[in-house]
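**Student:** Let me begin by handing over the structure; questions about it come next.
Please treat every number below as a calculation from the coordinates, not as lab data. Being a predicted model, the structure only gives us computed values, none of them experimental. Positions of Cβ are generated from backbone atoms using ideal geometry, with glycine treated the same way; all protein chains shown enter the neighbour counts.
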Amino acid sequence: MDFPIEAQSLEGSPSSMTDSSLNWKRTLDILLIVLALPFLIPLVLLVALLIRSGSKGPILFMQERIGYRGRRFMCLKFRTMFVDAETTTHQGHLQNLMNSNVPMTKMDSKGDPRIIPFGLLLRASGLDELPQLINVLRGDMSLVGPRPCLPYEYEKYLPWQKERFQTVPGLTGLWQVSGKNKTTFVEMIQLDIKYARNKTLWWDLRIILMTVPALVIQMVETRWANRRKSAAPVRPKASYSNRAMAPNAFARAPLVGAIHAAHGEDVWARKETKLNL
């Protein structure tokens with residue numbers, strides 16, 4: 001794999017944070033969640049109703065993720081895909097993003113048949129990740145930090161890239177408010193390491209405030225992408241008879257003209273009928 005940008009080019013020094021140094025993050029997380037509960041409870045109930053109305057199966061989805069210093073935990077999400085959806089396609093898409101210098105676009109932008117009704121809206125708005133507030137209360141995650149990755153993704157990380165796990169993973173982060181789907185895999189790693197080395201209370205507050213407009217922009221871009229896709233002209237398929245007669249079209253025209261000139265309109269009509277047969 002070709003990664004031209006290495007960790008040494010980042011500002012700051014390698015993270016040597018200890019568990020005790022993250023106490024201010026823990027305090028901030030719990031405080032903000034408690035303050036937001038009157039708004040979060042009806043929102044969670046609404047999302048649960050949307051999922052239940054659009055698809056049969058559990059409302060929540062659990063998946064093993066890699067968190068702080070490589071620790072594994074069960075990450076919670078609202079289910080936005082049909083039950084037992086295959087994962088091979090996603091693994092191939094992720095592998096391509098890691099091995100190339102292309103933007104980190106989701107499969108959603110190309111149309112994903114695995115997504116349930118209302119699922120695209122939940123994913124674009126970030127509402128599918130609301131259950132991860134439980135992970136935050138458990139201490140597996142924080143409100144701000146790098147996104148927790150999947151185990152098979154973690155296994156493909158280079159040693160310098162794993163520095164992004166020197167802080168607690170989060171619901172939002174520096175990458176999410178810095179372009180997200182317009183950045184490459186290496187740029188995402190850079191941003192996560194930069195945050196891990198330089199995180200502060202005020203930086204966390206700023207990222208949280210920037211998350212709302214970033215999500216609005218993401219929703220608008222997703223909507224426009226879907227409009228362009230639905231408005232794209234569909235080329236009509238040629239019928240079997242048209243395809244079968246196409247190679248003989250130019251050869252038939254002079255013959256029809258000669259018959260018309262020699263025998264008149266009535267004979268031409270009968271000959272034309274026989275030719276079409």
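**Student:** What does the charge count around Val83 come to, taking other residues whose C-beta lies under 11 Å from its C-beta (Lys +1, Arg +1, Asp -1, Glu -1)?
**Tutor:** +2
**Student:** Would you mind checking the pairs Lys56/Lys182; Lys25/Lys106; Lys106/Lys162; Lys77/Lys106 and listing those with alpha carbons more than 26 angstrom apart?
**Tutor:** Lys56/Lys182; Lys25/Lys106
**Student:** A further question follows. Using Cα-only point scatterers and the Debye equation, what is log10 of I(q)/I(0) for the range 19-231 at each q in 0.09, 0.11, 0.14, 0.17 Å⁻¹, rounded to two decimals?
**Tutor:** Listed by q, the Debye log ratios stand at -0.35, -0.53, -0.91, -1.41.
**Student:** How would you rank Ser178, Ser100, Ser142, going from fewest to most other Cβ atoms within 10 Å of each one's own Cβ?
**Tutor:** The most exposed by this proxy come first: Ser100, Ser178, Ser142.
**Student:** Hey, another quick one. Can you tally the net charge around Leu31? Count Lys and Arg as +1, Asp and Glu as -1, for every other residue whose Cβ sits under 15 Å from the Cβ of Leu31.
**Tutor:** Local charge sum for Leu31: 0.
**Student:** How do Leu158, Leu50, Leu37 rank when sorted from fewest to most other Cβ atoms within 10 Å of their own Cβ?
**Tutor:** Leu37, Leu158, Leu50
**Student:** Something else about it: May I ask you to sort Tyr152, Tyr157 by Cβ crowding, counting other Cβ atoms within 10 Å and putting the fewest first?
**Tutor:** Tyr152, Tyr157
**Student:** With just the Cα atoms defining each centre, how far is the range 126-192 from the range 200-219? Give it in Å.
**Tutor:** Value for the Cα centre distance between the two parts: 14 Å.
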